[in-house]
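Working notes for the structure below.
What follows is calculated from the coordinates using simple rules that are stated; it is not laboratory data. It should be emphasised that the depicted structure is a prediction, and the values quoted were computed from it without experimental measurement. Every residue, glycine among them, receives a Cβ derived from its backbone with ideal geometry; neighbour counts consider all protein chains shown.
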Amino acid sequence: EGKKSLNFIEQIVETDLAEGKNDGRIQTRFPPEPNGYLHIGHAKAICIDFGIAQRYGGVCNLRFDDTNPVKEDVEYVDAIREDIEWLGFKWGNVYYASDYFQKLYDFAERLILEGHAYVDEQTAEQIAAQKGTPTVPGVASPYRDRPAEESLDLFRRMNAGEFEEGAMILRAKIDMASSNMHFRDPIIYRIIKHAHHRTGHDWNVYPMYDFAHGQSDYFEGVTHSICTLEFEVHRPLYNYFIELLRKDNYAPRQIEFNRLNLTYTMMSKRKLLQLVKDGLVAGWDDPRMPTICGYRRRGYTPESIRSFIDKIGYTKYDGIIDVALLEHAVREDLNKRATRVSGVIDPVKLVITNYPEGKVEQMTAVNNPEDESAGTHTIPFARELYIEREDFMEDAPKKYFRMTPGQEVRLKSSYIVRCTGCKKDEQGVVTEVYAEYDPMTLSGMPESNRKVKGTIHWVSAEHSLSAEVRLYDRLFTDENPSDVKDKTLEEMINPDSLKVLTHCRVEPFLADAAVGAHFQFQRIGYFTVDRDSRSGALVFNRTVSLKDSWQK
Ligand code: ATP
Ligand code: MG
Ligand code: MG
């Protein structure tokens, strides 16, 4: 921190400040369209929008970009606010692009009167066919030179609801031969007869993104309008409208950065909505989703997401980030904060044959070896325990340092035991494992330092609680699912992305664990308590396994 060099956006802002632009004022905005839940790509935008304001003593406002009533909903507005706050950011004001519908409409009428816009009655197909290509100039609409009064009358009647959707549109009159396709008389208003989540049926015409975004920035006094690279080609149009609109020296400045793409997932809200609607996931907050609420339910922390965004940085080049880097950031953070506990996800009984029946000892378990102040808790030890089925092998290879006849292992936070054998059913499945303990091997006792190669975790059979454990893996089997053309979403889903284990056993310390609390099931992974969890019917989500596949 501090020593890190500035990213290119910070450099631009510092140059603007040094030149005294906007009297040193810094104002940014985060402009989500309330048509879905926020995903980790949005987190990248949030970190820079809010981060710039924080770093340079400015303000970042939240603006809902709600100019398309068909897809937008209050459900999303509320969820977006919750997710931004959870990520740890505070906005100045909350604005809505719909607050500016009147101003934008008035500006459109002005453009018509000044000869900068006209009503086109052609179909969308006809207009598209006339666009041309970057090297072939477009063809002018037959309505391009109609009198301003005629366009004004039609535009007013469009808004009065006289015409059907698609019957006509309002276009800016700029340059049908421009090398920038966005200048070839872009559509600025269309008829939509759907109720708007805030303005109801007040309007029958709605501004297009390019006509709303820059002007909204201008109305609010935004100094730096940070967005993703696909808007770079829109920037001249952004500036063009502001140039026509402004009455002073002030103009917001658009800066573009590379959007976040992650392997084994996709960021398109349209596709994420489809996953939800088709029931391919359990909802927007399914822990396999790349949404903020999905990651929260999965057990990711806001700190780990912010640290990941910080590691990837901001550039001008699009690419795809290895999801292993995100998982690495999550482990790094949870290692510092997760309480270590014992949970056996595939239990088999271990009987300590020389331990007295009925006896119970409270062993001391360290909560977090990374953080002494986290303290300790107790874990009951008794004659009958559960261990992981995979921690016992009857005929083990040489390097198997776990439970196998004749070999000693340490039971975590407890005694050293020597395996003496096992019992099997008719199918040859192990039903019980046997061992003898050495009572002189507890921590601090004479034999406690004896060399034992393996340490395994365990819980008391009688005192442990049954639990459901949900193991998550990557949602898609393809590294870049957005690029896959010949498969449906359903066909692309990783069939192993969710495994539910219902017979797990966890130590009694977890009886009252709060939803969202972070734990490390020792030797297994990081887990959090799912919101489905109830006292007596505990449910844990695996946040991430312990093994790090990130190559530094
Ligand atoms: P989609 O295309 O999936 O609907 P969007 O970009 O339209 O997403 P918005 O709600 O308009 O979604 O996005 C709000 C802000 O978040 C915009 O400034 C946008 O540039 C930014 N953003 C969206 N996706 C990403 C991403 N993957 N990486 C970085 N920033 C993103
Ligand atoms: Mg979009
Ligand atoms: Mg958008």
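What the table shows:
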| read-out | value |
| --- | --- |
| Order of Ile9, Ile226 - criterion: other Cβ atoms within 10 Å of each residue's Cβ, fewest first | Ile9, Ile226 |
| Total charge dipole magnitude, the range 8-257, about the Cα centre, Cβ charges on Lys, Arg, Asp, Glu only, Debye to nearest 20 | 320 |
| Extreme residue, positive dipole direction of the range 242-324, given options Gly279, Val323, Phe257 (C-beta unit charges) | Gly279 |
| Distant alpha-carbon pairs in the chain (separation over 41 angstrom), percent | 40 |
| Distance between the range 466-514 and the range 198-232 - C-alpha centres, whole angstrom | 38 |
| Pairwise centroid distance, computed over Cα atoms, of the range 142-169 with the range 74-92, Å | 39 |
| Ala124-Met440 pseudo-label distance in nm [points 7 Å out on the Cα-to-Cβ vector] | 8.4 |
| Long-range HN-HN contacts of Ile188 with modeled amide H, under 5 Å | Leu170, Arg171, Ala172 |
| Per-pair calculated FRET efficiency, R0 = 51 Å: Ser482 and Glu372 via Cβ, rounded to 0.05 | 0.65 |
| Sequence-separation-based contact order of the chain, relative, with Cα cut under 8 Å and 6+ spacing, percent | 12 |
| Length-normalised contact order for the range 8-257 - Cα pairs under 8 Å, 6+ apart - percent | 19 |
| Selection from Val452, Ala514, Leu475, by position along the positive dipole direction of the range 391-529 (Cβ) | Val452 |
| Amide H contacts of Cys60 (H built 1.01 Å from N, under 5 Å, at least 5 apart or other chain) | Thr28, Gly92 |
| Net dipole in debye of the chain [+1 Lys, Arg Cβ; -1 Asp, Glu Cβ; about Cα centre; nearest 20] | 1340 |
| The chain - mean residue ellipticity at 222 nm from DSSP helices (-39,500 (n - 2.57) per run, n ≥ 4, rounded to 500) | -8000 deg cm²/dmol |
| Rg followed by Dmax, in Å, when the range 343-457 is reduced to its Cα trace | 14.6, 50 |
| Distance between modelled label sites at Thr133 and Leu501, nm, 7 Å Cα→Cβ extension | 5.7 |
| Segment Asp512-Leu273, length gained on full extension (0.36 nm per residue, minus Cα span) | 82.6 nm |
| Amide H within-cut-off set for Ser225, under 5 Å, with H built and near neighbours excluded | Arg253, Gln254, Ile255 |
| Span from the the range 348-413 Cα centroid across to the the range 414-456 one, whole angstrom | 7 |
| Theoretical gain in end-to-end length, Glu114 to Glu230 [0.36 nm per residue, Cα-Cα removed] | 38.7 nm |
| In nm, spacing of pseudo-spin labels at Thr199 and Glu426 (7 Å Cα→C-beta vector) | 7.6 |
| Residue among Val430, Ser535, Tyr76 farthest towards the positive dipole end of the chain, charges placed on Cβ | Val430 |
